[in-house]
1. Search region 129-147 for residues that are under 16 Å from residue 91 (Cβ atoms) and free of Cβ contacts under 8 Å to residues at least 40 places away in the same chain and pair each with any residue that is more than 6 Å from the ligand (Cβ to nearest atom) and part of a helix (DSSP H, G or I) when their beta-carbon atoms are under 6 Å apart and the residues are at least 6 apart or on different chains.
2. All but one of (1) closer than 28 Å to residue 151 by Cα; (2) more than 7 Å from the ligand (Cβ to nearest atom) hold for residue 100; state the number of the condition that does not hold.
3. Can you find even one residue in region 20-43 that is assigned to a helix (DSSP H, G or I), free of Cβ contacts under 8 Å to residues at least 40 places away in the same chain and closer than 15 Å to residue 9 by Cβ?
4. Residue 99 versus (1) out of contact with any His (no Cβ under 7 Å at 6 or more places or on another chain); (2) loosely packed, with under 14 Cβ neighbours inside 10 Å: which is the lone unmet condition?
5. Residues of region 50-80 being among the acidic types (Asp, Glu) and at pLDDT below 95, which ones?
6. Give the residue, chosen from 88, 61, that is closer than 22 Å to residue 8 by Cβ, exposed (fewer than 14 other Cβ atoms within 10 Å of the Cβ) and either more than 17 Å from the chain's Cα centre (by Cα) or within 12 Å of the ligand (Cβ to nearest atom) (or both).
7. Can you confirm whether region 17-40 contains a residue that is surrounded by 13 or more Cβ atoms within 10 Å (Cβ to Cβ), in contact with a helix residue (DSSP H, G or I) (Cβ under 8 Å, 6 or more places away or on another chain) and among the basic types (Lys, Arg)?
8. Scan region 104-119 and give yes if some residue there is within 13 Å of the ligand (Cβ to nearest atom) and without any contact (Cβ under 8 Å) to a residue 24 or more places away in the chain, otherwise no.
Amino acid sequence: MPGVTVRLAERGDEAVIAGLRHRWAEEQAGAPIEDGGFAEVFHAWFEREHEQRLTWLAHAGGEAVGMLNMLVFTRMPKPDDARTGRPGRWGYVANAYVADGHRDAGIGALLLGACTAHADRERYARLVLSPSERSVPFYARHGFEPATSLMVRRAR
Ligand SMILES: CC(C)(COP(=O)(O)OP(=O)(O)OC[C@H]1O[C@@H](n2cnc3c(N)ncnc32)[C@H](O)[C@@H]1OP(=O)(O)O)[C@@H](O)C(=O)NCCC(=O)NCCS
């Protein structure tokens, strides 16, 4: 897609990711959100999470317009893994977001494609996610299907 780039985020991208999260929350609220403590809370979360999370960022015309991240779950090793080639990781895909006004132009597909390509390259056992109803066709186009082997216990 002309003018759109997708790349893995680095530590220095924290403010950009926080900015996209803020923009998403404001879109959902339909109004500006003033939260003076958000940067600090976000920073603490980012510090805790960045070692086990990969984030892809999309830029269009120099502006950050989308993101998607994957929590990398590292399985407990099992004897003989090296010989059997058992995949050592799987991923939970989260926080897929493309700014309103840039949607339905394939940017989300580029982000998700970068994530699935990484998982394939690194031989992840699986990718899991919890889609909104509206985004089900989006994920289905990238090979996701309803899970029949997972269970969920919802909050009481
Ligand atoms: C889901 C999302 C990241 C897709 O990004 P995108 O750049 O629009 O994606 P693409 O252009 O590659 O594909 C468009 C598809 O996205 C989905 N989509 C479009 N608008 C959407 C929205 N407001 N919410 C959820 N999914 C949406 C649809 O499946 C659409 O395809 P379809 O019209 O054929 O069903 C983006 O729409 C978004 O940020 N939505 C709001 C946040 C959200 O719902 N995130 C996912 C939670 S699981």
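1. That search, which allows pairs on different chains as well, returns 131/139; 142/112; 142/116.
2. Result: residue 100 fails condition (1) only.
3. yes
4. All conditions pass for residue 99, except number (2).
5. 51
6. Answer to the check: 61.
7. Yes; the residues of region 17-40 include at least one that is surrounded by 13 or more Cβ atoms within 10 Å (Cβ to Cβ), in contact with a helix residue (DSSP H, G or I) (Cβ under 8 Å, 6 or more places away or on another chain) and among the basic types (Lys, Arg).
8. Yes, region 104-119 contains at least one residue that is within 13 Å of the ligand (Cβ to nearest atom) and without any contact (Cβ under 8 Å) to a residue 24 or more places away in the chain.
The values are calculated or read from the model by the stated rules, or taken from the named source; none is laboratory data. What you are looking at is a predicted structure, and each value in this text was computed from that prediction instead of being measured. FYI the Cβ positions are ideal-geometry reconstructions off the backbone, even for glycines, and counts take in every protein chain you see.
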